[in-house]
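For reference, the structure discussed in these notes is given below.
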Amino acid sequence: MFDGIIFDVDGTIWNTTTIVAHAWNKAIEQLFPDQSYVTAEILRKQFGKPMNVIADNLFPSLSVSEKEKLMEQCCINEHVEIEKNETNITYDGVVEGIKSLSEKYPLFIVSNCQSGYIELVMRKNQIESYISDFECYGDTGKGKDENITLLLKRNHLENPVYVGDTQGDYEACKKAGVPFIWASYGFGYPEDDAYYNKIKTFSDLLKMLL
């Protein structure tokens, strides 16, 4: 039925919120110690949004240039901490499931993350060879719906499906005209039930699509 599967990252493939909170708080302490520190729970509510929106939400008192400077350092620290991490933060069944799904479908990733993050996700999970293409906000400056559309055109996809976990993912899929599968184990939920389907674990996706 589908000619490709597109994945979100945070809240769908893995959960980095505790690690990222630690990394971002280091950046806050380094650059703007008067700003409020973040927690994993705060980040759960922000992940999935473009980086500039997250900065506006978390650091409203900073100027545009200060937000850019802080977010740049947050991302640098984040990559360092994730690279160092040896704890398994990937949801159960994801790596094995991606390998199985790749035997039937071309697989893709579209995220609102910074440049280099998707490459880090693939490298840490050793799934580079199973992902056909990817796109992100950091590389294009575009929203998730536009990046989904870019990826569809680039890969000549006519009927893909997107797997994500938040209202923002759902809205992006509606704009891009792509069916949405809600990963209900993640960070959020769509505000109506017009999505294509729902999974409670990643393994449910295999039962649905294989």
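Counted over the range 136-210 with a bin width of 5 Å, the fraction of Cα pairs per bin, in whole percents, is 3, 16, 25, 22, 20, 10, 2, 0. In plain terms, the chain from Tyr196 to Ile42 could stretch by 52.6 nm, reckoned as 0.36 nm per residue minus the Cα-Cα distance.
Electrostatic tally near Asn85: other residues with Cβ closer than 12 Å to its Cβ, Lys and Arg +1, Asp and Glu -1, net -2. Here, the range 15-117 yields an orientationally averaged convex hull projection of 7.2 nm² when only Cα atoms define the hull. Take the chain, connect every pair of alpha-carbon atoms lying under 10 Å apart with a spring to form a Gaussian network, then pick out the residue of Ile181, Ile89, Ile109 with the largest mean-square fluctuation. Its mean-square fluctuation being the largest, the pick is Ile89. Only one residue of Met51, Val94, Thr16 has its Cα farthest out toward the positive end of the dipole of the chain, where Lys and Arg carry +1 and Asp and Glu -1 on Cβ, and that residue is Val94. Set the Cα radius of gyration of the range 59-209 against 2.2 N^0.38 Å, with N its number of residues, and you get 1.09.
Helices meeting the span-like rule in the chain (full DSSP H runs, Cα extent of at least 15 Å along the helix axis, mean Kyte-Doolittle score of -0.5 or higher): 17-31.
Since every read-out is calculated from the coordinates, none of them should be taken as a lab result. Computed from a prediction, not measured in an experiment: that's the story for all the values here. Counting neighbours? That spans all protein chains shown, and the Cβs are built from the backbone with ideal geometry, glycine included.
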